[in-house]
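Visitor: Quick one: this structure, given as structure tokens, is what I'll be asking you about.
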Amino acid sequence: MHKSKKAVSRNIGVEIGAICSKYFLKSRHLHYGYWTSDLEVDIANLRIAQENYARFLVSHIPPGVKSILDVGCGFGRIAEMLFDAGYQVDCVSPSPYLSSQVRQLLGARSHVFECLYEELETDNRYDLILFSESFQYIKPQEALSKTLGLLKEGGYILICDIFKRDTPDKNLLPGGHRLKTFYDIISQYPFELVEDLDITEQTAPTLDIANDALNEVVRPSADLAQQFLNDRYPLMSRCLKFLYRKRISKIGEKYFSGAKTGENFKKFKSYRLLLYRQADVIADRPRVTSDGSLEV
Ligand SMILES: C[S@@+](CC[C@H](N)C(=O)[O-])C[C@H]1O[C@@H](n2cnc3c(N)ncnc32)[C@H](O)[C@@H]1O
């Protein structure tokens, strides 16, 4: 399968999540949110946590920035907030469904590049390139090399995303690049660290909410559907169970093992806001250029 088709079909989960989030939660955010200590951890408050997160993100845009490229912009709600704060914003969105939503929301105010970031081609240059929970979907080297080529001189990269911690125990939660590998990789690029904040504590409660929804809504609904099939079509039900036994067991392990909790999130993940500024020369270090080659 062509690379972009493969990556887009891998994102189908994000699109389904987006449709559910818009319909059930009336939220146009596709991230964990930021739980302040005074906010009760309840699904009814998720939208508030998500708006908090977006405000937190906007408050970390450094002075002097005017133009922003929002990579993996989801529904475009963060881009909209950036507009309201006075920035000029373009968006990258590989999902046809989400791209159409962004165009509806932002109209002519923003150009939406409907493609994978890795495949983006434009002469535009930006003061800041933003990855809000989209960095995890792109190979770090590809994301960083591409970003170098799209930044104006002295521009910034702002990543707010989940990374994997190194733990002695088997990591029970999928997703995110290994944090240590990320630091190793970015140290080879001409970027200087401006800010590195750990917001795992403030994002973890969302996993408890997801775990609740899986166990209180999704699982009982799936059990009822299975019971219905067993009663009405016993032979077909047995055949399906046999044919898909491996997949069924994988889904059970992934979603219903009880591992998706805030506690495990804090143990296995590190959710970070990372702001770097493009630097021309970092002494004694090989420099990776925008086409990804090393300049010694
Ligand atoms: C978890 S959502 C985050 C959406 C939004 N940034 C937010 O914070 O609400 C991940 C986003 O990354 C996008 N995405 C996934 N892979 C991508 C890639 N290779 N290039 C650009 N965007 C990508 C998805 O389409 C989706 O919009």
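Visitor: Is it the case that some residue within the stretch 179-187 is free of Cβ contacts under 8 Å to residues at least 24 places away in the same chain, open to solvent by 20 Å² or more (accessible area, probe 1.4 Å) and of a type in the set (Asp, Glu)?
Guide: If we filter the stretch 179-187 for residues that are free of Cβ contacts under 8 Å to residues at least 24 places away in the same chain, which is where we start, we get 180, 183-184.
Add one more test, that the residue is open to solvent by 20 Å² or more (accessible area, probe 1.4 Å), and what stays is 180, 183-184.
Restricting the remaining residues to those that are of a type in the set (Asp, Glu) gives 184.
Yes, some residue in the stretch 179-187 is free of Cβ contacts under 8 Å to residues at least 24 places away in the same chain, open to solvent by 20 Å² or more (accessible area, probe 1.4 Å) and of a type in the set (Asp, Glu).
Visitor: Kindly list, by first and then second residue, each pair from a residue in the stretch 17-35 that is on the phi > 0 side of the Ramachandran plot to a residue that is within 9 Å of the ligand (Cβ to nearest atom), limited to pairs with Cβ atoms under 6 Å and residues at least 6 apart or on different chains.
Guide: GLY33/GLN50; GLY33/TYR53
Visitor: Here's something else I'd like to know. With the structure loaded, tell me whether GLN50 is near the ligand (Cβ under 10 Å from one of its atoms) and either within 28 Å of TYR255 (Cα to Cα) or assigned to a helix (DSSP H, G or I) (or both) or whether it fails that test.
Guide: yes
Visitor: Looking only at residues that are within 13 Å of the ligand (Cβ to nearest atom) and among the aliphatic types (A, V, I, L, M) in the stretch 99-139, which one is most open to solvent (accessible area, probe 1.4 Å)?
Guide: LEU105
Visitor: What are the pairs with Cβ atoms under 9 angstrom where one residue, in the stretch 78-93, is assigned by TED's automatic domain parsing to the domain that holds ARG55 and part of a helix (DSSP H, G or I) and the other, located anywhere, is within 12 Å of the ligand (Cβ to nearest atom) and open to solvent by 40 Å² or more (accessible area, probe 1.4 Å)? Sequence gap at least six, or different chains.
Guide: Pairs that qualify, where the first residue is assigned by TED's automatic domain parsing to the domain that holds ARG55 and part of a helix (DSSP H, G or I) and the partner is within 12 Å of the ligand (Cβ to nearest atom) and open to solvent by 40 Å² or more (accessible area, probe 1.4 Å), are GLU80/ARG28; MET81/GLU51.
Visitor: Evaluate the stretch 141-151: report whether one residue or more is open to solvent by 80 Å² or more (accessible area, probe 1.4 Å), in the same structural domain as ASP42 (by TED's automatic domain parsing) and outside any helix (DSSP H, G or I).
Guide: No, every residue in the stretch 141-151 fails to be open to solvent by 80 Å² or more (accessible area, probe 1.4 Å), in the same structural domain as ASP42 (by TED's automatic domain parsing) and outside any helix (DSSP H, G or I).
Visitor: What is the one condition in (1) within 16 Å of PRO174 (Cβ to Cβ); (2) open to solvent by 100 Å² or more (accessible area, probe 1.4 Å); (3) at pLDDT 80 or above that PHE228 does not satisfy?
Guide: (1)
Visitor: Does at least one position in the stretch 70-87 carry a residue that is away from the ligand (no atom under 12 Å from the Cβ), at pLDDT 95 or above and buried (at least 23 other Cβ atoms within 10 Å of the Cβ)?
Guide: Checked against the condition, which is being away from the ligand (no atom under 12 Å from the Cβ), at pLDDT 95 or above and buried (at least 23 other Cβ atoms within 10 Å of the Cβ), the stretch 70-87 yields no hits at all.
The values are calculated or read from the model by the stated rules, or taken from the named source; none is laboratory data. None of the values given here were measured: they were computed from a predicted structure. A quick note on method: Cβ atoms are made from the backbone with ideal geometry, for glycine too, and the neighbour counts reach across all protein chains shown. Heavy atoms of the whole protein, side chains included, go into the accessibility calculation; ligands, DNA and RNA do not. Shrake-Rupley method; radii C 1.70, N 1.55, O 1.52, S 1.80 Å.
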